[in-house]
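Below is one structure, written out as structure tokens, with a few remarks after it.
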Amino acid sequence: MSASTASIPCQHLRVAESDVGEVALCPDCGVVSVVLAFMTLRIPLAEFGVFQGMLSRAQSRISALPTAYGNEARADALTGPESHLH
């Protein structure tokens with residue numbers, strides 16, 4: 001990055017918003033910003049689809065779990081190759 005591009009602020013384009021936050025894209029630097037309350041995740045645009053896929057898989061697995069938190073059936077449902085954090 002040259003000194004001239006480092007001084008130009010990002011021009012964020014808001015691409016989605018909800019009650020919990022927003023998603024914005026900087027077309028110049030290719031970074032997607034996911035803003036949730038007091039936290040912002042900055043993800044390169046090329047990796048955003050992978051991040052979205054990970055969240056979709058997590059949501060699907062969470063939705064399939066029994067509603068009672070701590071239920072033994074919930075623990076059983078979390079077995080398998082994606083059940084361990086790497």
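Could you sort the peptides 60-67, 32-39 by per-residue average Cβ neighbour count (10 Å cutoff), highest mean leading?
Working: 60-67: 10.6, 32-39: 13.2.
Per-residue mean Cβ counts within 10 Å order the peptides as 32-39, 60-67.
First measure r as the distance between the Cβ atoms of Cys29 and Ser63, then evaluate 1/(1 + (r/R0)^6) with R0 = 35 Å and state the FRET efficiency to the nearest 0.05. Between Cys29 and Ser63 the formula returns 0.55.
Every number here is computed from the coordinates shown, using simple stated rules; none is lab data. What you are looking at is a predicted structure, and each value in this text was computed from that prediction instead of being measured. Ideal geometry is used to build each Cβ from the backbone, glycine not excepted, and the neighbour counts take in all protein chains shown.
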